[in-house]
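What follows is a set of notes on a single structure, which appears directly below.
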Amino acid sequence: MLKKILALMVMLYAAACFAAVDVNKASAAELDSIKGIGPAISTKILDERKKGNFKDWPDFIERVKGVGENNAAKFSTEGLTVGGAAYKGAVAAPAAKKDGKPAVKGDKAEAAKAAASAAKK
């Protein structure tokens, strides 16, 4: 019985490992299998990859037009990797001010105060 359980665990681990799609090795079909990547983005990825492999996520975001930090975070969540690494630079949504308007990017102090007061409520 123990052997069967171990075998099942090994198979599940292997399946989880193969679920990741590395942008430097994937075919167009494999890229299209990632939710959010369609034929247009996969073509852009393959065209840029012909110039050289992607070094890391910032390189990928910079070279593939139409992919920003938010899309990179979504693609990574869906299983896309760059060099076997998941995207770690997820962008947090800006906090809202007390008057309900979104915080300005350079207004970090007010954004922090708004977030703190929202957390207290």
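When the helices (runs of 4 or more DSSP H) confined to the range 27-72 are screened for residues that are more than 23 Å from G89 (Cα to Cα), those reaching at least 1 such residues are found at 28-32, 39-50.
Return the total of residues in the range 27-53 being in contact with a Lys or Arg (Cβ under 7 Å, 6 or more places away or on another chain) and surrounded by 13 or more Cβ atoms within 10 Å (Cβ to Cβ).
2
A short reminder: the numbers here are calculations on the coordinates, not readings from a lab. Only a predicted model underlies this, so the values are computations on that prediction, with no experimental measurement involved. As a convention, Cβ positions derive from the backbone with ideal geometry for all residues, glycine included, and neighbour counts pool all protein chains shown.
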